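Q: I'd like to ask some things about the structure below.
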Amino acid sequence: MNNDNKPTREQLKELYEAAIAFKQEQPWSRLYDSDVICLENPVDKTIAHCSVMGRVGDYFALGVYFGDEGICNLWRLMGDDNTLSDQELINNQNCLMCSFEDRSTLTSEELKQIKDLGLSFRGKKQWPIFCRYEPGFFPWYINKEECIFLTHALKQILIVSRDISDGKLEIDTDNGETILRYSQEQNGKLEWYNKKVPLMVPIVSYSPVEITDELLIYRIKKAGRKRNLILQADICYFPAPVQNSKNERPYYPRIFLLLDKQSGLAIRYKMFDIRDDDVHICLNELVSFCMEQGVPGEIIVRGEAMETILDDFCNKTNVKLTVVDRLPDIDNILEEMASNLPWQ
C-alpha cells in the first residue's frame, strides 16, 4: 500500500476502539449472518451490505460487502450454491472484513500496529484484524478511506443491533425488507438515521458468446471426432497467490484447465492475469485442442459462466455440453499444482 494512503494513527485508534466495543457487546447474539443491514457511505452515497457473523460461535466478524458482485457472493456463502469451491468463493469476495482471530493469525505489521497504539488483547478470537477482500487479490491491509468507512460500519451496525434487540427496529429479510442506515451532515457533524428499504438481491447474468467464424467451425469439424473422449473444462482463480515484489499486493492468476475425465489427467492449461480474457482464452485453448487432438464427444463444466462461453461452440460443433454443480477432479488438480510451486 502507498504510504500516503495508509490510515493515520488517529484513524486506526478510532477503528480499534470501535472494534473493541463491537466485540464486547457481541451483536451476533442478537443477529444472524442472514440479517443483512444496508449502510450508506457518507462520502459517495454508495450502499454496502453488512453481515454480522458469529451466531454459530466459530467465527466472529463484521463483513461489509460492496456492489452486486459483493452481495451475490455473500448470498453464495450463506446459501446452498455448490458451484464454486471454498477457495473460489473466498477469491471472489468484494468486501471489508473486521474479524476477531487468534494472535498467531496476525502479521508482524498488525502486531506492531497494536503495540504502537498501546493496545493489548488476550485469549482466542480476541485480536481484531481488518482486511480488504477484492476478487482475484490476496486479502490486504486497508487504506484511509476503508478505515474510516469500516469504523462507521462497526459503530452504526452496533447501534442498529441494539435497536432491533430493544424492539425499536425490525428487519424482515425473509420478505425482502431490511434497514438502511444513512447520514446527513449537520453543522459539520454526521447525524445518522434509519429507514426501511427493500433488500435487493441482484441476479447475475452472462452475455451469450456466439461463434460467427463459419470457416473455423468447418475446420474444427474436419479435424476428426473422438466420441468417447469426455473433457472437464473450467476457468477459475489459481489457488496460490503471486507476488511480484515485496511490498506489492499478491494476486491470484486466472487459469483455464482441461481435464480428461477418464484418466483424471490435466491435458491442457493456461494461466493469465485478466478476468476479462476468460472468453478469449477458453475458446482459443479449446479450439487449439480440437484442431490438434480431435473433437471430444462431451465437455463437462460447472456454473453459468462456463456454460455461456461454451454453449454456442458446442452446439455448432455437435459436442454434448453438460453442466454440473461441482468438479472435484479439477479442484484436486489445482490444489496439487499449487502445492508443488517453488514459492509455496
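The values are calculated or read from the model by the stated rules, or taken from the named source; none is laboratory data. Remember, it's a predicted structure, so these values are computed and weren't measured experimentally. Ideal geometry is used to build each Cβ from the backbone, glycine not excepted, and the neighbour counts take in all protein chains shown.
Results for (1) loosely packed, with under 10 Cβ neighbours inside 10 Å; (2) closer than 29 Å to residue 286 by Cα; (3) small (Gly, Ala, Ser), shown as yes or no for each residue.
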position: 169; (1), (2), (3): no, no, no
position: 175; (1), (2), (3): yes, no, no
position: 183; (1), (2), (3): no, no, yes
position: 187; (1), (2), (3): yes, no, no
position: 192; (1), (2), (3): no, no, no
position: 200; (1), (2), (3): no, no, no
position: 218; (1), (2), (3): no, yes, no
position: 223; (1), (2), (3): no, yes, yes
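Q: Say we look at segment 36-66 and pick out the residues that are under 17 Å from the mean Cα position of the chain (by Cα) and of a type in the set (Gly, Ala, Ser); which of these is farthest from residue 98 (Cα to Cα)?
A: 48
Q: Quick one: residue 85 ticks every box in (1) crowded, with 18+ Cβ neighbours inside 10 Å; (2) more than 29 Å from residue 240 (Cβ to Cβ); (3) of a type in the set (Ser, Thr, Tyr) bar one, so which box is it?
A: Here residue 85 meets the rest and fails (2).
Q: Among the numbered criteria (1) within 18 Å of the chain's Cα centre (by Cα); (2) over 16 Å from residue 88 (Cα atoms); (3) in contact (Cβ under 8 Å) with a residue 24 or more places away in the chain, which one does residue 276 miss?
A: Answer for residue 276: the failing condition is (3).
Q: One residue is enough: does segment 242-250 have a residue meeting the conditions assigned to a strand (DSSP E or B) and within 21 Å of residue 272 (Cα to Cα)?
A: yes
Q: In addition: For residues in segment 90-104 being assigned to a helix (DSSP H, G or I) and without any contact (Cβ under 8 Å) to a residue 40 or more places away in the chain, which is surrounded by the most Cβ atoms within 10 Å (Cβ to Cβ)?
A: 103
Q: Give segment 105-142 a look and list any residue that's aromatic (Phe, Trp, Tyr) and without any contact (Cβ under 8 Å) to a residue 40 or more places away in the chain, or say none.
A: Correct list: 121, 127.
Q: Can you pull out every residue in segment 36-61 that is under 25 Å from residue 136 (Cβ atoms) and either among the aliphatic types (A, V, I, L, M) or surrounded by 18 or more Cβ atoms within 10 Å (Cβ to Cβ) (or both)? Don't jump to the end; show me each part of the working.
A: The initial filter retains those residues of segment 36-61 that are under 25 Å from residue 136 (Cβ atoms), namely 36, 39, 41, 43-44, 46-51, 53, 59, 61.
Those that are under 25 Å from residue 136 (Cβ atoms) and either among the aliphatic types (A, V, I, L, M) or surrounded by 18 or more Cβ atoms within 10 Å (Cβ to Cβ) (or both): 36, 39, 41, 43, 47, 48, 49, 50, 51, 53, 61.
Q: Applying the selection to segment 62-77, what residues are surrounded by 22 or more Cβ atoms within 10 Å (Cβ to Cβ) and assigned to a strand (DSSP E or B)?
A: 62, 63, 64, 65
Q: Here's a follow-up. Go through (1) touching an Asp or Glu at 6+ places or on another chain (Cβ under 7 Å); (2) in a helix (DSSP H, G or I) and name the single condition residue 267 misses.
A: Condition (2) is where residue 267 drops out.
Q: I would also like to ask the following. Scan segment 9-55 residue by residue and report those that are in a strand (DSSP E or B) and among the β-branched types (Val, Ile, Thr).
A: 37, 47, 52
Q: Something else about it: Search segment 210-231 for residues being touching an Asp or Glu at 6+ places or on another chain (Cβ under 6 Å) and aliphatic (A, V, I, L, M), and hand back the single one that is nearest to residue 310 (Cα to Cα).
A: Only one residue fits best here, namely 211.
Q: Now for a different question. Within segment 58-76, is even one residue free of Cβ contacts under 8 Å to residues at least 24 places away in the same chain, charged (D, E, K, R) and out of contact with any strand residue (DSSP E or B) (no Cβ under 9 Å at 6 or more places or on another chain)?
A: Scanning segment 58-76 turns up at least one residue that is free of Cβ contacts under 8 Å to residues at least 24 places away in the same chain, charged (D, E, K, R) and out of contact with any strand residue (DSSP E or B) (no Cβ under 9 Å at 6 or more places or on another chain).
Q: Let me ask something else. Can you confirm whether residue 126 is more than 20 Å from residue 14 (Cα to Cα) and either more than 23 Å from the chain's Cα centre (by Cα) or surrounded by 14 or more Cβ atoms within 10 Å (Cβ to Cβ) (or both)?
A: Against the criterion (more than 20 Å from residue 14 (Cα to Cα) and either more than 23 Å from the chain's Cα centre (by Cα) or surrounded by 14 or more Cβ atoms within 10 Å (Cβ to Cβ) (or both)), residue 126 does not qualify.
Q: Has segment 187-203 got at least one residue that is in contact with a Gly (Cβ under 9 Å, 6 or more places away or on another chain), touching a residue at least 12 places away in the same chain (Cβ under 8 Å), assigned by TED's automatic domain parsing to the domain that holds residue 64 and under 20 Å from residue 12 (Cβ atoms)?
A: No, segment 187-203 contains no residue that is in contact with a Gly (Cβ under 9 Å, 6 or more places away or on another chain), touching a residue at least 12 places away in the same chain (Cβ under 8 Å), assigned by TED's automatic domain parsing to the domain that holds residue 64 and under 20 Å from residue 12 (Cβ atoms).
Q: Is it the case that some residue within segment 324-331 is assigned to a helix (DSSP H, G or I), in contact with a Gly (Cβ under 8 Å, 6 or more places away or on another chain) and surrounded by 13 or more Cβ atoms within 10 Å (Cβ to Cβ)?
A: Within segment 324-331, one or more residues are assigned to a helix (DSSP H, G or I), in contact with a Gly (Cβ under 8 Å, 6 or more places away or on another chain) and surrounded by 13 or more Cβ atoms within 10 Å (Cβ to Cβ).
Q: Considering only residues that are within 18 Å of residue 149 (Cβ to Cβ) and of a type in the set (Asp, Glu), which ones fall in segment 47-81?
A: 69
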